[in-house]
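**Student:** Here it is: the structure, laid out below.
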């Protein structure tokens, strides 16, 4: 006998064994069912309960003993009809809340991802990511000399890629004598403005696309990247406020600019 039809309507293997045994044997105790099917008696009781819930098994008492019997096979059709009505009711319930579910699916989604990078390779990772993003990058609290010392060759490549991809970089740094800046020949798309020390936040922060990167120059240097559009917009708005306050005039005495003609 092909039993797939019984499996397809949701009967388990043990339920099928018990149901077929009862069809053949008639009235049986749980002990007898377990003995004939090889199913542990504790599981027999569990499956009998489930078959009774489906209307495929009933029970009667003879004296103190409880006997089980299979209902007529036509009850399988009744069971399917009951399942069909249940599914229709469930479908109606889902249809009733579907507009709300669809409205929820259209709400803006803001996921926040945080990555931490250590060492100079971490610096390279997010600087390369700036190039991949191809959007303006806003920088505050920068100490250019530290980047030049940590990544002397890579920084030339970085500025070449900024220029080659027409990516604008705006930097707010401190207004003081001896501040180190990358030169115009090396970094033609980088623009500086200067804040007095009393207004300057030394935290080294990069904002580009939906990313905010905070760099701390400890041992080792650590870059924390936060990916969240709302957070990036908050930092971007604060940067614009500072940019408007900052001076376009560089300090009178700058340390030597790093500049070198770069092939594009």
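The values are calculated or read from the model by the stated rules, or taken from the named source; none is laboratory data. No experiment lies behind these values; they were computed from the predicted model shown. Reconstructed Cβ throughout: ideal geometry from the backbone, glycine too, with neighbour counts over all protein chains shown.
**Student:** Is the range 73-85 home to any residue that is in a strand (DSSP E or B), in contact with a helix residue (DSSP H, G or I) (Cβ under 8 Å, 6 or more places away or on another chain) and closer than 15 Å to residue 23 by Cβ?
**Tutor:** Within the range 73-85, none of the residues are in a strand (DSSP E or B), in contact with a helix residue (DSSP H, G or I) (Cβ under 8 Å, 6 or more places away or on another chain) and closer than 15 Å to residue 23 by Cβ.
**Student:** Need pairs with beta-carbon distance below 7 Å; first residue under 25 Å from residue 232 (Cβ atoms) and within the range 98-110, second in a helix (DSSP H, G or I) and at pLDDT 75 or above; sequence gap 6+ or separate chains.
**Tutor:** Sorted first by the residue in the range 98-110, then by its partner, the pairs are 110/229; 110/230.
**Student:** Could you list, in sequence order, all residues of the range 1-20 that are surrounded by fewer than 20 Cβ atoms within 10 Å (Cβ to Cβ) and touching a strand residue (DSSP E or B) at 6+ places or on another chain (Cβ under 9 Å)?
**Tutor:** Answer for the range 1-20, where residues must be surrounded by fewer than 20 Cβ atoms within 10 Å (Cβ to Cβ) and touching a strand residue (DSSP E or B) at 6+ places or on another chain (Cβ under 9 Å): just 20.
**Student:** Going by the conditions given, is residue 79 in contact (Cβ under 8 Å) with a residue 60 or more places away in the chain, over 30 Å from residue 225 (Cβ atoms) and not assigned by TED's automatic domain parsing to the domain that holds residue 228?
**Tutor:** yes
**Student:** Still on this structure, please answer the following. How many residues does the range 21-37 hold that are exposed (fewer than 13 other Cβ atoms within 10 Å of the Cβ) and either over 24 Å from residue 61 (Cα atoms) or free of Cβ contacts under 8 Å to residues at least 12 places away in the same chain (or both)?
**Tutor:** Result for the range 21-37: 2.
**Student:** Kindly provide the set of residues from the range 236-264 that are over 15 Å from residue 200 (Cβ atoms), surrounded by 12 or more Cβ atoms within 10 Å (Cβ to Cβ) and at pLDDT below 90, ordered by number.
**Tutor:** Of everything in the range 236-264, those that are over 15 Å from residue 200 (Cβ atoms), surrounded by 12 or more Cβ atoms within 10 Å (Cβ to Cβ) and at pLDDT below 90 turn out to be 254, 255, 257, 258, 259, 262.
**Student:** Continuing with the same structure: Which ones in the range 222-249 are within 19 Å of residue 126 (Cβ to Cβ) and in a strand (DSSP E or B)?
**Tutor:** Result: 222, 223, 224, 225, 226, 227.
**Student:** Further, regarding this structure: Residues that are surrounded by 13 or more Cβ atoms within 10 Å (Cβ to Cβ) and in contact with a strand residue (DSSP E or B) (Cβ under 6 Å, 6 or more places away or on another chain), at least 3 per element: which helices (runs of 4 or more DSSP H) completely within the range 91-208 meet that?
**Tutor:** Of the helices (runs of 4 or more DSSP H) lying wholly inside the range 91-208, those with at least 3 residues that are surrounded by 13 or more Cβ atoms within 10 Å (Cβ to Cβ) and in contact with a strand residue (DSSP E or B) (Cβ under 6 Å, 6 or more places away or on another chain) span 120-133.
**Student:** Among the residues of the range 164-184, write down those that are in contact (Cβ under 8 Å) with a residue 40 or more places away in the chain and under 25 Å from residue 133 (Cβ atoms).
**Tutor:** 164, 170, 172, 181, 182, 183, 184, listed by residue number.
**Student:** Which numbered condition trips up residue 219, out of (1) assigned to a helix (DSSP H, G or I); (2) modelled with pLDDT under 90; (3) farther than 30 Å from residue 111 by Cα?
**Tutor:** (1)
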